[in-house]
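Below is one structure, written out as structure tokens; the observations come after it.
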Amino acid sequence: MKSLFAKLLLIALFFASCHHPLVLQQKTHQLYTINNTGKLDSNLVKMLAPYKVGVDTQMNVVIGHTDIPLTKAQPESTLGNFMADAQLIAAQKLDRKVVASFVNYGGIRINYIAPGVLTRGKMFELMPFDNTVTILEVSGELLKRLCNHIAKGKGWPVAGITFKIKDKEAQDILLNGRPINDNVIYKITLSDYLARGGDNCDFFELLKKRYTSIFLRDALIEYVQQLELQHLPLHPNLEKRIEYVE
Amino acid sequence: MLNRRTFIKRTATGSALFALGGFPFESFASSKPIKLTLLHTNDVHSRLEPFAMDGSKYEGQGGVAARAALIAQIRSEEEHVLLLDAGDIFQGTPYFNLYKGEPEMKAMSMMRYDAVTMGNHDFDAGVDGFANQLIHANFPVLVANYEFSGTALEGKTKPYTIIKKGGLKIGLFGLGIQLKGLVPDESYGKTIYIEPIQIARSISEKLKKQEHCDFVICLSHLGYEYNYNKVSDLILAKETEHIDLIIGGHTHTFLDEPKVIRNKKGKEVLINQVGWAGLRLGRLDFIFDDKKSSNLLQTQSVIISKQTN
């Protein structure tokens with residue numbers, strides 16, 4: 001009995017050690033779109049239910065409304081201008097000398113908001129990260145470098161500054177309508193993510209920075225709420241802040 | 001009637017055989033082809049619920065309950081199913097802000113994911129934040145080019161794993177994107193990023209040559225393609241020799257069919273990526289048999305695409 005076991009084990013080891021090679025002969029591909037016309041898995045619905053109650057309670061709060069569809073695009077978009085404007089106002093509350101605002105294009109996290117009510121949850125989707133409003137002191141020269149970085153990236157949301165993109169370079173840069181002086185130090189606002197070198201903004205490393213505890217998301221919520229108090233919809237205009245030229 | 005002693009012995013023999021890769025006689029007589037059904041997602045970004053019905057582009061699409069039902073349906077039809085995700089499980093809806101990834105991990109465990117890799121946004125609650133949620137995960141996290149020594153993830157991820165389906169031996173490994181500049185320094189902490197190509201070469205070779213895997217899959221969060229000098233799935237496919245399939249992520253690329261690339265040895269590598277947000281589920285069916293040569297080696301493979309709504 002003992003030896004039979006040993007023999008079987010040996011045979012098993014032999015076959016296990018020489019894995020029978022298999023060769024790929026055919027491949028097919030299929031794509032499913034997950035939509036709401038099919039079945040739902042009730043176990044997943046049950047698992048999610050308590051979390052959903054928490055999310056809905058906190059997020060389905062109406063904070064204002066918009067009268068136009070808001071979209072994400074380059075070089076300029078309504079969602080982008082809204083974010084850059086809200087960030088600028090939040091920064092200017094802390095320091096009136098802040099002249100311009102920059103948001104990285106990848107920081108717009110949804111493509112579309114429908115006309116109608118705006119909820120707190122929608123602002124969480126637009127800016128889910130806990131990025132904070134940061135104020136930076138930059139020379140005119142470095143500001144141009146940032147604009148060229150943005151030009152290479154095909155355009156980011158900005159406020160307080162305008163320029164044109166030609167051959168991946170920034171041209172005709174104007175700060176509130178006036179040309180930049182290379183030797184002047186300007187105060188600008190962007191997220192702590194960019195200030196720390198995110199999105200390849202490594203040129204901010206040695207600059208003087210003021211980190212704040214204000215979430216960019218809270219700045220968005222505040223901006224919409226302020227409009228609502230004045231009975232105004234959120235209505236960001238496209239103003240050719242950044243445009244492509246031949 | 002079996003006496004207790006014999007019964008234990010027989011069971012022990014049986015489980016020894018099983019532990020060593022199933023009954024050998026099965027692969028002995030394996031003239032029968034084996035079909036592997038591979039399902040995959042990437043960059044789901046905490047999209048547990050479908051997009052709201054608000055006139056937006058993706059309204060009504062996505063959601064874990066619908067995805068789970070579809071996966072269950074496919075599992076009922078196919079014997080050998082592998083379910084994979086290429087990272088960025090976290091971040092993107094208030095679920096993540098409020099619950100830090102717990103329902104995401106629970107949902108993926110319930111859907112029985114076989115393996116995942118880490119995306120840059122999986123560091124958004126810090127290395128500790130991801131490590132904390134692993135108690136809710138019943139699948140391995142594969143990442144070969146992050147060194148987690150001295151972090152909360154030390155010993156909690158694996159560079160690769162081997163999964164057996166029928167007589168088929170599948171090697172899987174994971175690759176993550178460069179963190180510096182993409183993820184705040186304090187979020188990834190002491191994690192060290194290692195250039196992926198060399199690691200991919202050595203692991204895929206090990207899986208093919210030493211572990212004798214029939215098929216090697218890379219779960220990659222490197223991104224599909226860049227218009228500047230940065231390592232991507234296209235480069236990874238061209239620069240290696242032993243990868244058969246790359247399940248990609250990061251660039252949110254909607255590939256309507258897998259991209260076929262010739263590797264360093266002229267062999268075909270498939271790359272697939274299904275956008276983001278759990279809008280789509282990718283499916284690839286592979287049929288293997290024990291014939292010596294593959295007719296895929298000589299010819300450009302024909303990929304049959306089916307769009308299912």
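Could you give the accessible area per residue of the range B:95-219, probe 1.4 Å, as a whole number in Å²?
Computed with neighbouring chains in place, this is 37 Å² per residue.
Quick one: putting +1 on the C-beta of Lys and Arg, -1 on the C-beta of Asp and Glu, what dipole do you get for the protein assembly as shown around its Cα centre, in Debye to the nearest 20?
Dipole about the Cα centre, nearest 20: 1900 debye.
Order A:Asp192, A:Asp56, A:Asp218, B:Asp128, most accessible first, counting only protein heavy atoms with a 1.4 angstrom probe.
B:Asp128, A:Asp218, A:Asp56, A:Asp192
At a Cα cut-off below 30 Å, give the lysines reachable from A:Lys52, other chains included and same-chain residues fewer than 8 away excluded.
Candidates past the 8-residue exclusion: A:Lys39, A:Lys72, A:Lys122, B:Lys57, B:Lys100, B:Lys106, B:Lys156.
Suppose accessible area is computed on protein heavy atoms with a 1.4 Å probe; arrange A:Thr189, A:Thr71 from highest to lowest. Numbers along the way, then the final one.
Working: A:Thr189 0, A:Thr71 55 Å².
From most exposed to least exposed: A:Thr71, A:Thr189.
Under a Cβ-Cβ cut-off of 15 Å, what is the net charge of the residues other than A:Asn200 that fall near it, where Lys and Arg count +1 and Asp and Glu count -1?
Working: positive: A:Arg145, A:Lys152, A:Lys154, A:Lys168, A:Arg196, B:Lys180, B:Lys230; negative: A:Asp199, A:Asp202, A:Glu205, B:Asp185.
Net local charge, A:Asn200 excluded: +3.
Rounded to the nearest 5, what % of DSSP beta bridges with both residues in the protein assembly as shown are antiparallel?
Antiparallel bridges make up about 65 percent of those DSSP assigns within the protein assembly as shown.
Which value, in Å² and to the nearest 10, is the accessible area of B:Glu205 when all protein chains are kept and the probe is 1.4 Å?
Number for this one is 80 Å².
Answer rounded, prolate or oblate for the range A:50-89, using the Cα gyration tensor with square roots of eigenvalues a ≥ b ≥ c: rounded when a/c is under 1.5, else prolate when a/b is larger than b/c, else oblate.
prolate
In peptide B:44-55, what is the residue-averaged number of other protein chain Cβ atoms found within 10 Å of each Cβ? Kindly include the intermediate steps, with their values, before the conclusion.
On the way: counts 0, 3, 2, 2, 6, 5, 4, 5, 5, 2, 8, 6.
Per residue, the average neighbour count from other chains is 4.
Ignoring ligands, DNA and RNA, how do B:His250, A:His235 rank by accessible area with a 1.4 Å probe, largest first? Walk me through the numbers on the way to the answer.
Values: B:His250 40, A:His235 80 Å².
The ranking, largest first, comes out as A:His235, B:His250.
Solvent-accessible area of B:Ser202, probe 1.4 Å, all protein chains present, reported in Å² to the nearest ten, please.
70 Å²
Measure up A:Lys154/A:Lys187; A:Lys164/A:Lys208; B:Lys158/B:Lys264; B:Lys165/B:Lys259; B:Lys32/B:Lys164 against 18 Å on the Cα-Cα distance and list the ones that go over. Before the final figure, lay out the partial values.
On the way: A:Lys154/A:Lys187 24 Å; A:Lys164/A:Lys208 28 Å; B:Lys158/B:Lys264 26 Å; B:Lys165/B:Lys259 25 Å; B:Lys32/B:Lys164 16 Å.
Distance filter (> 18 Å) returns A:Lys154/A:Lys187; A:Lys164/A:Lys208; B:Lys158/B:Lys264; B:Lys165/B:Lys259.
Quick check for you: with a 1.4 Å probe and neighbouring chains kept, what is the accessible area per residue of the range A:23-164, in Å²?
38 Å²
If you take each beta carbon of peptide A:98-111 and count the beta carbons of other chains within 10 angstrom, what is the mean?
Other-chain Cβ atoms within 10 Å of each residue's Cβ, averaged: 1.
Chains B and A: what accessible area do they bury, summed, in square angstrom to the nearest 100, with a 1.4 Å probe?
7000 Å²
Using the per-residue mean of other Cβ atoms lying within 10 Å as a proxy for protection, in what order, highest first, do the peptides A:83-92, B:237-246 fall?
In decreasing order of mean packing, A:83-92, B:237-246 become A:83-92, B:237-246.
Would you tell me the accessible area of B:Ser149, worked out with a 1.4 angstrom probe on the heavy atoms of the protein chains, in Å² to the nearest 10?
So the heavy atoms of B:Ser149 present about 60 Å² to solvent.
Enter the mean number of other protein chain beta carbons within 10 Å of the beta carbon of each residue in B:57-63, as an integer.
5
Within the accessible area of the range A:56-238, what % is carbon and sulfur when the probe is 1.4 Å and the other protein chains stay in place?
49 percent
Under a straight-distance cross-link criterion of Cα-Cα below 16 Å, which aspartates and glutamates are reachable from B:Lys180, leaving out those fewer than 8 residues away in the same chain?
A:Asp192, A:Asp199, A:Asp202, A:Glu205, B:Asp122, B:Asp124, B:Glu147, B:Glu195
Using 17 Å as the cut-off for backbone N distance, which residues of the range B:33-60 belong to the label zone defined by a point 7 Å from the Cα of A:Asp56 along Cα→Cβ?
It comes to B:48-54, B:60, nothing else.
The values are calculated or read from the model by the stated rules, or taken from the named source; none is laboratory data. What you see is a predicted model; the values in this text were computed from it and never measured. All Cβ positions, even for glycine, are placed from backbone atoms using ideal geometry, and neighbour counts span all protein chains on display. We work out accessible area using only protein heavy atoms, side chains counted, and drop any ligands, DNA or RNA first. Shrake-Rupley method; radii C 1.70, N 1.55, O 1.52, S 1.80 Å.
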